[in-house]
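One structure is given below, encoded as structure tokens.
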Amino acid sequence: MGGEGAGESVRERRSHVVESRYEKLEALRRRGVEPFAYSYDVTHSTSAAREAFEVAEQAGTLSDGGDGPDVRIAGRLTSLRGHGKSTFADLADRSGKIQIYFRQNELGEDAYGLLDLLDPSDWIGVEGTLFRTRMGEVTVRVRSFQLLAKSLRPLPFGKEEVDPETGERRVYSGFADVEQRYRQRYADLAVNPDVREVFFTRTKLVRAIRRFLDDLGYVEVETPILQPLYGGASARPFITHHNALDMPLYLRIADELYLKRLIVGGLERVYEIGKDFRNEGIDRTHNPEFTMLEFYEAYADYENMMERVEALLLAVVREVTGGSTSVTYQGVPIEFAPPYRRMAYFDALREYGNLDVRRMDDAALRDAVRSFAVEDVDTMSRPKLIDELFSELVEPHLQQPVFITDFPREISPLAKPKRGDPELVERFELIVAGREIANAFSELNDPIDQKERFLAQVRLREQGDEEAQTYDEDYIRALEYGMPPTGGVGIGIDRLVMLLTDQPSIRDVILFPTMRPE
RNA sequence: GGGCCGGUAGCUCAGCUGGCAGAGCAGCGGACUUUUAAUCCGAAGCGCGUGGGUUCGAGCCCCACCCGGCCCA
């Protein structure tokens, strides 16, 4: 489905490296070899094959000649080392790689001659017998092989050497250009096993979350991504248009309001893992589309949800690390064994910022914010100023998991007032490694209060706050039917994956991060 | 949005105060039936991100722009 005429210009620009592969493709066809096969029966992965040999070796069931079992394996050629009438190659699949060995007198002249038309990056299937070479490497002696897909463009495989003295791994060349790695993730994944590992870990993490919540009787649901009103967070949306209805629709910035409608509907425990979209800048911790977990539980308050979050993270960290309760993030050891420290928002500002913000007037706050030169200081509301101070002065100090609790009411329009201090709300954020990982409330279930909070947001919007929330009449109607006391949590999955895979950029945990077109 | 850094062969990168554009790996031809960055011999391959400008001469200097990274907002 390429653009018209693209083929010709691409043809013009073919490098000699690519050109020679097209020539080999034609040569294969001339010899009656179909370069793009339909299927191949595989009996072993490369790692299972190696294991099968080692098992036979230890059981003493190798043949007199030292041969192990027969296998059929498939994968990508990563290296070809021809020696005239014999050839060694490496075949890589998802599980790793294994050496394969072709001999002319085993394959026959015709079949052996086809090796001249193979290249690194080609997909092949091989059938043969496992043995161990003089150099001690478990290898498949190939009896027959089939080309599964000709690669017309070489992958930039790195060369890797283990220093025999220090045991240090050195990588030669390879695929390092980060821009191209993000744009051509297929090549990145094909070439860099570490990258594959990150995404396998990501899947493992999400699976652990589902298992944890499922076991607690949570129901996984799907709520609208296209929404007539957007809400549940403070952010600017992506706007699109529905032609048949001739109306604007927004890509959701959060799942929150729909999930709480389901609590009104009596589902009691619900969660959703899905993409949210926020129309804001891109940096190390922000991608315009990102994955969010939200879960809501009837009859729970934010204290209960803190325990849930502690237990959830413990389970996830154990799963991902294979049993440990800690990880190292960018050189900093992080311990996830609960309980986590709890600190009130204003106490944290006092402790780390040495500021008693509740006693400061707006001008003093403004000056404090200005001292680290934030734009638009003059138009910021008081709560926004305080939140700037929090981000700047407090968050960077919080490396170990800590629950920051009891936020100002104004910046939390969906949270219940704190018992005993109505200026605050029952809300917490979990901060780890200086970053917000989770955000949670005792959910506001008083429709009258909620209506007032929405109206306050509308006033902020009228004053130019583009991130203020919108008035959602249907949501108020839902609350009027009655929502039980409910605890709710949102967890940014990408950031959690970053933490648990020690990746410095959110782009390293998103398969296809948002990029400008080339 | 601002600052800094980067974009040179398929990949990873050199390229001095402006003077014929390079290396390693990959690829191509040849030798080689236990190699593993295979080795040996040989011959190729670069519109230097794009567009202007300065200059006898620009990969290098100047301007604008495109794409990316890091830091700041």
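Coordinate-derived values only; no laboratory data. Please read all numbers here as calculations on a predicted model, not as lab measurements. Heads up, the Cβs are rebuilt from the backbone with ideal geometry, glycines too, and the neighbour counts pull from every protein chain shown.
Before moving on, here are some points about what is shown:
- Computed on the Cα trace of segment A:435-488, the radius of gyration divided by the Kirkwood hydrodynamic radius gives Rg/Rh = 1.04.
- When the pairs A:Lys85/A:Lys150; A:Lys24/A:Lys85; A:Lys150/A:Lys204; A:Lys275/A:Lys384; A:Lys204/A:Lys418 are compared against a 30 Å limit on Cα-Cα distance, A:Lys150/A:Lys204; A:Lys204/A:Lys418 fall above it.
- In segment A:419-518, trypsin sites (Lys or Arg not before Pro) in a DSSP loop with at most 16 other beta-carbon atoms within 10 Å: A:Arg419
- For segment A:310-321, 3J(HN,Hα) computed residue by residue from phi via the Karplus equation (6.51, -1.76, 1.60; θ = phi - 60°) reads 4, 5, 4, 5, 4, 4, 5, 5, 4, 4, 6, 8 Hz, glycine and proline entered as x.
- Calculated mean residue ellipticity, 222 nm, chain A: -10000 deg cm²/dmol, from DSSP H runs (n ≥ 4) at -39500 (n - 2.57) each, averaged per residue and rounded to 500.
- Within segment A:304-407, GluC sites (Glu not before Pro) in DSSP loop having at most 16 other beta-carbon neighbours inside 10 Å: A:Glu375
- Dipole moment magnitude, nearest 20 debye, chain A about Cα centre, only Lys, Arg, Asp, Glu C-beta charged: 1460 debye
- Placing R0 at 22 angstrom, the Cβ-Cβ distance between A:Lys204 and A:Ser95 gives a FRET efficiency of 0.90 after rounding to 0.05.
- Cα-based Rg / Dmax (Å) for segment A:415-460: 12.8, 38
- Taking the square roots of 5 times each eigenvalue of the Cα gyration tensor of segment A:35-126, largest first, gives ellipsoid semi-axes of 23, 17, 12 Å.
- Summing Lys and Arg as +1 and Asp and Glu as -1 over all other residues whose Cβ lies under 13 Å from the Cβ of A:Leu147 gives a net charge of +2.
- The slack in the chain from A:Arg132 to A:Glu51, taken as 0.36 nm per residue of separation less the alpha-carbon distance, amounts to 27.9 nm.
- For segment A:74-233, DSSP calls about 90 percent of its internal beta bridges antiparallel.
- Computed about the Cα centre, the dipole magnitude for segment A:234-311 is approximately 300 debye when only Lys and Arg (+1) and Asp and Glu (-1) carry charge, each at its Cβ.
- About its Cα centre, segment A:339-465 has a charge dipole of approximately 340 debye under the convention of +1 per Lys or Arg Cβ and -1 per Asp or Glu Cβ, with nothing else charged.
- For segment A:226-366, the alpha carbon convex hull comes to 208 Å³ per residue, rounded to a whole number.
- Overall dimensions of segment A:28-86 by Cα: Rg and Dmax, Å: 15.7, 47
- At an R0 of 41 angstrom, the distance between the Cβ atoms of A:Glu351 and A:Arg516 translates into a FRET efficiency of 0.45.
- Rg and Dmax over the alpha-carbon atoms of chain A stand at 29.2, 89 Å.
- Among beta bridges that DSSP assigns inside chain A, antiparallel share in %, nearest 5: 90 percent
- Contour excess over end-to-end distance, with Cα ends at A:Gln58 and A:Ser15 and 0.36 nm allotted per residue: 10.6 nm
- With only the Cα atoms considered, segment A:166-252 has a convex hull volume of 221 Å³ per residue.
- Each of A:Pro35, A:Gln469, A:Leu430 was placed along the dipole of chain A (beta-carbon charges, centred on the mean Cα), and the one lying farthest toward the positive end is A:Pro35.
- D_trans [Stokes-Einstein, Kirkwood Rh over alpha-carbon pairs] for segment A:240-288, 20 °C, 1.002 mPa s, µm² s⁻¹: 161 µm²/s
- Å³ per residue enclosed by the Cα convex hull of segment A:87-141: 90 Å³
- Kirkwood-Stokes translational diffusion coefficient of segment A:370-463, alpha-carbon pairs, 37 °C, 0.692 mPa s, µm²/s: 227 µm²/s
- Quarter the surface of the alpha carbon convex hull of segment A:389-518 and you get the mean projected area, 11.1 square nanometres.
- Largest first and in whole Å, the equivalent-ellipsoid semi-axes of segment A:189-301 read 26, 24, 12, each the square root of five times a Cα gyration tensor eigenvalue.
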